[in-house]
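What follows is one structure encoded as structure tokens, with my remarks underneath.
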Amino acid sequence: MRLQPRQELLSVWKSISRWCGPARSFNWADRGGRNSISDAELLLCLLLPPQRLTEIRFDRPDTTQSDVLQALGSFGGPVDIPQRVVELIGSYLATYTDPKTQLPVFAGGNYLTTAPDDHREPTEEQLELEVVDAFATSVVLCSAVIRFLRDYRGQVQRRGYLDEIARVEGETQKRLTAAMAGLQRSFTISVFDADSPQGRVLRETSFPGSDYSGDLVGRIRRSLRPVMAGLRELGTFNDQVDDLLDNRGDKLFECGWSWGVVQGAPEVKTSIGTFNAPGPAEPAPYLYFTVVAIDGIRDLFSQETRLAGLLNEEQQSLARVLQLQWDLAQRYWSAVATLGDQRWPVEELPWRTTDEEESDYYSLLVVSLVRHALADRGAPDADLARITNVLSDLADRGRIRRRPLADDPALQMHQPGRWVTLVGADQVGADSPPIGWRLGELSSLLLGRVLAIAAQVNNPQQEARLVGLADDIWRHLHQRRLGDDTPGAGLWDDPSSVYPTLPRRDKPSWYHTTRVVQCMSTAAEYIQRESPPGSRLSEYAADLLGEAERVFDKEQLRNSSGGGPALRDSLTKQGIGIRRARQLMATRPGSAVAILHAVLRELDKLAAAREAAGD
């Protein structure tokens, strides 16, 4: 693989140290300023990599490696680094806590913008709107912080530091609870008539070229039957669910996460307070925020999280609701995207949403949801190959592996990104303009999905194809690093380095940098995993092992009593090689083959020597 995660992650840390300066006078702002999401993303750049690649961890001063110390030199020595990180976490938590209510805030801040042709600025009330991206990012951050603090606590003896760690962990748990409650209140369903504009788009997406018919609607509903049954278990949206289930045959629906707490969302009671503020977001799912939420909460109910005991009893209760919402959304989008007996809807590019917006970016988001479902049900390589083809097509259509045309509209996906209206955000105050969200991380999102699929496949040829695609995307992303002549050298993102017609960027974005760092962490996990062996190589290794054992047994039988020390020593070494090859057969048949070739070569030398001696 072209991407070398350890070296690249350390390089990012060096660049962050240069841009942000010493920990005591830390500069949080990126090119857009500060908000609760970008600050969390900056912390994730420091906290996530060591949890995926333990060789670069810094929470144990006695074992911190020299290249890590060099990369984080602005934080001080091995003892100083984790202390400074704890201070930064505490500063973040204090900054994004409401001084009146003492509850965490999740404002979108400068990530919320007006439309490209609207020269007005968002109002102060709009900039304070809480968004799903902030909830989901905080879930990931808080989980990473708790893991870091618990590992670091065992290295600390001074009571003052231990008290500070306990205080920061308590505030982190508080923020995690609030973020989980926010996500729970942002989940929604949207029910509509099968012959409505939304129903027409969903029908045409599922069965292109087909006219309206009750049978076609029935096929869609049958594929979604498990999701429809699960909606009852939620115990919310009862009127919509009743409407969906009672009107058999002429109702369709969507489910997932809106951009923020939805209008009419039920209250959530917790030990830190009751979350019942009216939500401004329209009760309709957004593809982007659904993917962000699913990616953010997946680890909450993983076996690793349960074994580590990261969640308290209250959070476990919240996690059970989120897991049901997560499962319903994933099942829904996966079912819709893979309907039909021939070509899947997700293979028809670009994807069109029910509000009649279409984009290759949306296709990539749907692929993200399908990938999760395929992984959970252990899909065959044939299904994964279809997703691989889609990813390859998206790399070409996104001009990542192809030269752009003059005035190519595909470049808008890279910069400034697709602008999505946040319906309801213009109702929070007088004279509030419509505001939206930029979707601009196509390349990093694509790389992350390619690496994830590569870790799922069992076919060596298909895996090699995915690794080649990942290399192409990484080559593209590496070029987009800010140049050495810029203040944010080594960070992301400057698309003009690849596409000269786009405006030049000379300052970093934590939004983009964090997503590339997450790709590096995913690549580290991919490299460290045990790769499934190919069937042909395994069969070849098994044949070699059988022959080596037979030849070895015969040599032992012939030389059990009459051989000298050199012969006995040689047979002992070959026996060790055979045992080692047998251990590697299941996971590394190629290594087993290499060992067995050497064993058979040495055994043949013994046989040849015996024949020459006339035995």
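No other residue among Ile81, Ile16 is farther than 20 Å from Ala136 by Cα, more than 25 Å from the chain's Cα centre (by Cα) and among the β-branched types (Val, Ile, Thr) apart from Ile81.
The set of residues in region 332-351 being in a helix (DSSP H, G or I) and touching a strand residue (DSSP E or B) at 6+ places or on another chain (Cβ under 9 Å) consists of Tyr332, Trp333, Val336, Ala337, Pro345. If you go through region 500-531 and pick out every residue that is crowded, with 17+ Cβ neighbours inside 10 Å and outside any helix (DSSP H, G or I), you end up with 4.
Being closer than 23 Å to Gln184 by Cα and either out of contact with any Phe, Trp or Tyr (no Cβ under 9 Å at 6 or more places or on another chain) or surrounded by 12 or more Cβ atoms within 10 Å (Cβ to Cβ) (or both) is a property that Asp250 lacks. Within region 122-143, the set of residues being free of Cβ contacts under 8 Å to residues at least 40 places away in the same chain and assigned to a loop (DSSP other than H, G, I, E, B) comprises Glu128 only. You will find that of Ala337, Ala319, Ala329, Ala281, the residue that is over 14 Å from Gln184 (Cα atoms) and in contact (Cβ under 8 Å) with a residue 12 or more places away in the chain is Ala337 and no other.
Checking each residue in region 98-116 for being under 27 Å from the mean Cα position of the chain (by Cα) and either at negative phi or free of Cβ contacts under 8 Å to residues at least 60 places away in the same chain (or both) picks out Pro104, Val105, Phe106, Ala107, Gly108, Asn110, Tyr111, Leu112, Thr113. Selection within region 38-65: residues that are more than 16 Å from Ile146 (Cβ to Cβ) and among the acidic types (Asp, Glu). The member of this set that is surrounded by the fewest Cβ atoms within 10 Å (Cβ to Cβ) is Asp62.
Scanning region 296-316 for residues that are touching a residue at least 40 places away in the same chain (Cβ under 8 Å), within 15 Å of Ala136 (Cα to Cα) and out of contact with any Leu (no Cβ under 6 Å at 6 or more places or on another chain) turns up Gly296, Arg298, Asp299, Leu300, Gln315.
For region 399-430, the candidate set comprises residues that are at pLDDT 95 or above and more than 21 Å from Arg504 (Cβ to Cβ); within that set, the residue that is surrounded by the most Cβ atoms within 10 Å (Cβ to Cβ) is Ala425. Out of (1) outside any helix (DSSP H, G or I); (2) modelled with pLDDT of 95 or more; (3) under 24 Å from Glu441 (Cβ atoms), the odd one out for Thr354 is which? If we test Thr354 against (1) outside any helix (DSSP H, G or I); (2) modelled with pLDDT of 95 or more; (3) under 24 Å from Glu441 (Cβ atoms), just (2) comes out false. One residue stands out in region 1-50 among those that are touching a helix residue (DSSP H, G or I) at 6+ places or on another chain (Cβ under 6 Å) and basic (Lys, Arg): the one that is modelled with the highest pLDDT, namely Lys14. For region 463-511, the set of residues classified as in contact (Cβ under 8 Å) with a residue 60 or more places away in the chain, closer than 24 Å to Trp28 by Cβ and polar (S, T, N, Q) consists of Ser509 only. Put simply, of Trp333, Trp351, Trp326, Trp344 the only residue that is of a type in the set (Phe, Trp, Tyr) and in contact with a Gly (Cβ under 8 Å, 6 or more places away or on another chain) is Trp333. Of all the listed residues (Ala395, Ala373), the sole one being surrounded by 14 or more Cβ atoms within 10 Å (Cβ to Cβ), over 30 Å from Phe253 (Cβ atoms), within 19 Å of the chain's Cα centre (by Cα) and not hydroxyl-bearing (Ser, Thr, Tyr) is Ala395. Within this structure, Gln456 passes the test of being surrounded by fewer than 23 Cβ atoms within 10 Å (Cβ to Cβ), part of a loop (DSSP other than H, G, I, E, B) and not aromatic (Phe, Trp, Tyr). No other residue among Gly398, Gly448 is under 22 Å from Val292 (Cα atoms), in contact with a Cys (Cβ under 6 Å, 6 or more places away or on another chain) and not hydrophobic (A, V, I, L, M, F, W, C) apart from Gly448.
The values are calculated or read from the model by the stated rules, or taken from the named source; none is laboratory data. All values derive from a computational prediction rather than experimental measurement. Reconstructed Cβ throughout: ideal geometry from the backbone, glycine too, with neighbour counts over all protein chains shown.
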